[in-house]
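Novice: Please see the structure below; I have some questions.
The values are calculated or read from the model by the stated rules, or taken from the named source; none is laboratory data. This one's a predicted model, so the numbers in the text were calculated from it and none came from an experiment. Cβ placement follows ideal geometry from the backbone for every residue including glycine, while neighbour counts extend to all protein chains displayed. These area figures cover heavy atoms from the full protein model, side chains too; ligands, DNA and RNA do not enter into them. Shrake-Rupley method; radii C 1.70, N 1.55, O 1.52, S 1.80 Å.
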Amino acid sequence: MDLVQQIIERAKSNKQRIVLPEATEERTLTAADMVLRDDIADIILIGNPDEVHALADKLGLKNIDKATLIDPENNPKSEEYAALLAELRKKKGMTIEQARELVKNPLYLGCMIIKTGDADGQISGALSTTGETLRPALQIIKTAPGITCVSGAMLLITKKPEYGENGVLVVGDVAVTPMPDANQLAQIAVCTAQTAKSVAGFADPRVAMLSFSTKGSATHEVCDKVIEATRLAKELDPELKIDGELQADAALVPSVGAKKAPGSDIAGKANTLVFPCLEVGNIAYKLVQRLGDAEAIGPILQGIARPVNDLSRGCSVDDIYKLVAITACQAMDAK
């Protein structure tokens, strides 16, 4: 069974409630129908009911009636949600009138449903920007305990079973924080290891903090940041298996790891890679994807107290379908 199918089966084993706030978007509604058909998650759709049903009929979808459908303009819980949102944002000066308008916004409404315990995760981005997806999540759901930095992980499924976990690697940050400081980088390491467990199913995440230096082979302030981040990550999670700074070959290749970092429990055995900055991470995964013919799944947002994931506006139906299963796996672990 390949990794994607494992993720789907894990989602099926403990169904979560996933909000899709862009319910009148064709790809989203088609993916929702497939998820409901395959019994992967319970789906909450946000949109005008007449428009959703008309689109479902146009597309020939047969399973949409299994979803919970919420009309943002006629929601019996609107006043309850508005009062809570105004309370959450009162220090920022939000009035009840502003809150009443915001809870009609599907992205805000979805996050309020999660905040009140009536859903477990949300996916948007087929119609919305990353900022529009993240803003309500950070204002309402907020970050996980001990975490102040949101980041994005990627699953890389390679054709090299000798590396990572039978060819699978989890890497971060590839999507959100451009130039993390040592504390943020430590948080990214802890969160990426958690994603490796909850989504990739790694029983034993082994985290390599990557740099252009291995164990002092070069000296520079950017190497110092990685070394400090490794130390801080161990403080954040004393059980975390992590080492750094390591070059990529020392992290992945046993013979190189033994030579460059003798005595390391991670060198040559890493299955989870943390890049020193977003620029490196984004370039690296795309090179592996294009030149190494690896499958890249994500980015998977991490660091939010409940999973909220962001799609590319160019996403496919299959992308949304897979991300529902991924979000469900994250949600199981976030409870």
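Novice: Looking only at residues that are at negative phi and of a type in the set (D, E, K, R) in the stretch 290-301, which one is most open to solvent (accessible area, probe 1.4 Å)?
Specialist: Taking the candidates together, the pick is R290.
Novice: Residue by residue through the stretch 305-324, note down the ones that are under 18 Å from A41 (Cβ atoms) and in contact with a strand residue (DSSP E or B) (Cβ under 9 Å, 6 or more places away or on another chain).
Specialist: Scanning the stretch 305-324 gives R306, P307, V308, N309, D310, L311, D319, I320, K322, L323, V324.
Novice: Test A175 against the criterion of being open to solvent by 30 Å² or more (accessible area, probe 1.4 Å), hydrophobic (A, V, I, L, M, F, W, C) and under 14 Å from the mean Cα position of the chain (by Cα), and give yes or no.
Specialist: yes
Novice: Kindly check whether there is at least one residue in the stretch 34-50 that is within 21 Å of the chain's Cα centre (by Cα), modelled with pLDDT of 95 or more and within 25 Å of A203 (Cα to Cα).
Specialist: Yes, the stretch 34-50 contains a residue that is within 21 Å of the chain's Cα centre (by Cα), modelled with pLDDT of 95 or more and within 25 Å of A203 (Cα to Cα).
Novice: If I filter the stretch 178-205 down to residues being under 13 Å from L273 (Cβ atoms) and of a type outside the set (S, T, Y), which single residue comes out as surrounded by the fewest Cβ atoms within 10 Å (Cβ to Cβ)?
Specialist: Within the stretch 178-205, the match that is surrounded by the fewest Cβ atoms within 10 Å (Cβ to Cβ) is F202.
Novice: So for the stretch 220-233 (the condition being outside any helix (DSSP H, G or I), without any contact (Cβ under 8 Å) to a residue 24 or more places away in the chain and over 30 Å from I114 (Cα atoms)), does at least one residue qualify?
Specialist: Yes.
A quick yes/no check of all residues on (1) modelled with pLDDT under 95; (2) farther than 23 Å from R313 by Cα; (3) open to solvent by less than 50 Å² (accessible area, probe 1.4 Å):
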| site | (1), (2), (3) |
| --- | --- |
| Y108 | no, no, yes |
| K115 | no, yes, no |
| D118 | no, yes, no |
| I123 | no, no, yes |
| S128 | yes, no, yes |
| G131 | yes, no, yes |
| A137 | no, no, yes |
| I140 | no, yes, yes |
| P145 | yes, yes, no |
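Novice: Further question on the same structure: From the list N271, N282, which one is under 22 Å from the mean Cα position of the chain (by Cα), at negative phi, open to solvent by less than 30 Å² (accessible area, probe 1.4 Å) and among the polar types (S, T, N, Q)?
Specialist: N271
Novice: Those residues that are surrounded by 20 or more Cβ atoms within 10 Å (Cβ to Cβ) and part of a loop (DSSP other than H, G, I, E, B), I need them from the stretch 239-268; list them, please.
Specialist: Q247, A261, S264, I266, A267, G268
Novice: Considering only the stretch 302-319, state which residues are open to solvent by less than 20 Å² (accessible area, probe 1.4 Å) and modelled with pLDDT under 95.
Specialist: L311, C315
Novice: Sticking with this structure for a sec: Residues of the stretch 320-335 being of a type in the set (A, V, I, L, M, F, W, C) and either touching a Leu at 6+ places or on another chain (Cβ under 6 Å) or open to solvent by less than 20 Å² (accessible area, probe 1.4 Å) (or both), which ones?
Specialist: I320, L323, V324, A325, I326, A328, C329, A331
Each row is one residue, and each column tells you yes or no for (1) open to solvent by less than 30 Å² (accessible area, probe 1.4 Å); (2) touching a residue at least 24 places away in the same chain (Cβ under 8 Å).
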{"position": "Q6", "(1), (2)": "no, yes"}
{"position": "L20", "(1), (2)": "yes, yes"}
{"position": "T28", "(1), (2)": "yes, yes"}
{"position": "L36", "(1), (2)": "yes, yes"}
{"position": "P49", "(1), (2)": "no, no"}
{"position": "A56", "(1), (2)": "yes, yes"}
{"position": "E73", "(1), (2)": "no, yes"}
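Novice: Still on this structure, I have one more. Counting residues that are farther than 30 Å from G167 by Cβ and among the charged types (D, E, K, R), which helices (runs of 4 or more DSSP H) fully inside the stretch 1-119 reach at least 2?
Specialist: So the answer is 26-38, 49-59, 78-88, 96-102.
Novice: Which of the residues that make up the stretch 149-197 are of a type outside the set (A, V, I, L, M, F, W, C) and in a strand (DSSP E or B)?
Specialist: Hits for the stretch 149-197 are S151, G152, E165, G172.
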